Amino acid sequence: MKDIFKAIEDVAFAIDNAIKNEDLGYSDSENSSGEDQLKLDVQSDKIIEDRFASISCVKALVSEEKEGVMSMNEGGKYTLCYDPLDGSSLVDVNLSVGSIFGIYEGELEGANIIASAYIVYGPRIELVWVEKGKMPTLYRAINGKFKEIGEIKLNEKGKLNASGGTQQHWEVKHKAFIDGLFASGYRLRYSGGMVPDLHQILLKGGGLFSYPATTDKPDGKLRQLFEVIPFALVYEGAGGQAVDANGKRLLELVPSHPHDTSPCFFGSNSEINALKDAYGINNVK
Ligand code: P6P
């Protein structure tokens, strides 16, 4: 696992450099979700694939930017599922973006994630690493090296509300719940970048991030293997919760296809329990 962590540190600096110095234009291709690919998406994906190909414990790679599973090392134990540059369309307006990594052992499903990490490319490069059953740890790049800053713990109740998805497509119960949070004093913190939006809630004491089922995206938008499950490990490790629209833990998801999505809610206990009440799912076992 140390080899994987070191590789993530290396790709963090390589992708940050690409963000700051390379072409921001669109490539002539689409990813597996039918989204136009920026040249940066393709380049970030290649940086990760090339760096991880040499790690003997990595059996396979699954990228949000590509279809299927890429076999790497036959004797490897782990499959790395990753989103090389999440929210990349925000780069051309100079907002923070990120990379997300899920490390799985066995079948690709929530129960088999054993570690996850994400990188935030912002005014500073920051990296969060978590292993199953442990608390997440924050690292910050200082003078070209990552320095351990400390463990991340969510408060029982927060103040921030990151409400994703197009409001006109929200279900009535979701709109009533989100409006209720704002009416009780929560502050909107939403950039459209999953990584900085979830990172902010983690570091600023808690709250709620929601990307619900909507009439235009009934299965949500965020991908289970590369985005939702890795962040669920981080949020549960920080003492919060991460559930779907039925109140089921996102760490219990079993995708039928590598690019499956799920409605997702991440947050402090108070906000997630309030969501379960609003959705009438509080007695979910
Ligand atoms: P919306 C970025 O495209 C992304 O995949 C996530 O990073 C982000 O949370 C979400 O989509 C934003 O989607 O529909 O709110 O713009």
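Observations, loosely collected:
- Selected residue [buried (at least 16 other Cβ atoms within 10 Å of the Cβ) and either modelled with pLDDT under 95 or assigned by TED's automatic domain parsing to the domain that holds Leu222 (or both)] from Ser96, Ser89, Ser29, Ser33: Ser89
- Screening Arg140 against (1) over 20 Å from Ser96 (Cα atoms); (2) open to solvent by 20 Å² or more (accessible area, probe 1.4 Å) leaves a single unmet condition, (1).
- Residue match in region 64-71 (condition: within 16 Å of the ligand (Cβ to nearest atom) and in contact with a Leu (Cβ under 9 Å, 6 or more places away or on another chain)): yes
- Residue within region 251-269 that is assigned to a loop (DSSP other than H, G, I, E, B), hydrophobic (A, V, I, L, M, F, W, C), away from the ligand (no atom under 16 Å from the Cβ) and open to solvent by 20 Å² or more (accessible area, probe 1.4 Å) present: yes
- Residue check for Pro218: within 12 Å of the ligand (Cβ to nearest atom) and either β-branched (Val, Ile, Thr) or modelled with pLDDT of 95 or more (or both): no
- Residue list for region 13-44, filter: in a strand (DSSP E or B) and either in contact (Cβ under 8 Å) with a residue 12 or more places away in the chain or within 13 Å of the ligand (Cβ to nearest atom) (or both): Tyr26, Ser27, Ser29, Asp36, Gln37, Leu38
- Selected residue (criterion: surrounded by the fewest Cβ atoms within 10 Å (Cβ to Cβ)) from residues of region 225-243 that are farther than 18 Å from Pro196 by Cβ and not polar (S, T, N, Q): Gly239
- Within region 45-78, the set of residues being in a loop (DSSP other than H, G, I, E, B), in contact (Cβ under 8 Å) with a residue 40 or more places away in the chain and open to solvent by less than 50 Å² (accessible area, probe 1.4 Å) comprises Ile55, Cys57, Glu64, Gly68.
- Pairs, first under 20 Å from Glu156 (Cβ atoms) in region 188-207, second within 9 Å of the ligand (Cβ to nearest atom) and modelled with pLDDT of 95 or more, C-beta under 6 Å, six or more apart: Arg189/Ala162; Leu198/Phe209; Ile201/Phe209
- Residue within region 173-185 that is at pLDDT 95 or above, under 28 Å from His257 (Cβ atoms) and within 12 Å of the ligand (Cβ to nearest atom) present: no
- Considering region 83-110, and only residues there that are assigned to a strand (DSSP E or B) and among the aliphatic types (A, V, I, L, M), the residue that is nearest to Ala18 (Cα to Cα) turns out to be Leu85.
The values are calculated or read from the model by the stated rules, or taken from the named source; none is laboratory data. Since the model is a prediction, treat every value here as computed from it, not as a measurement. All Cβ positions, glycine included, derive from the backbone under ideal geometry; neighbour counts span all protein chains shown. SASA here: full protein model, heavy atoms, side chains in, ligands and nucleic acids out. Shrake-Rupley method; radii C 1.70, N 1.55, O 1.52, S 1.80 Å.
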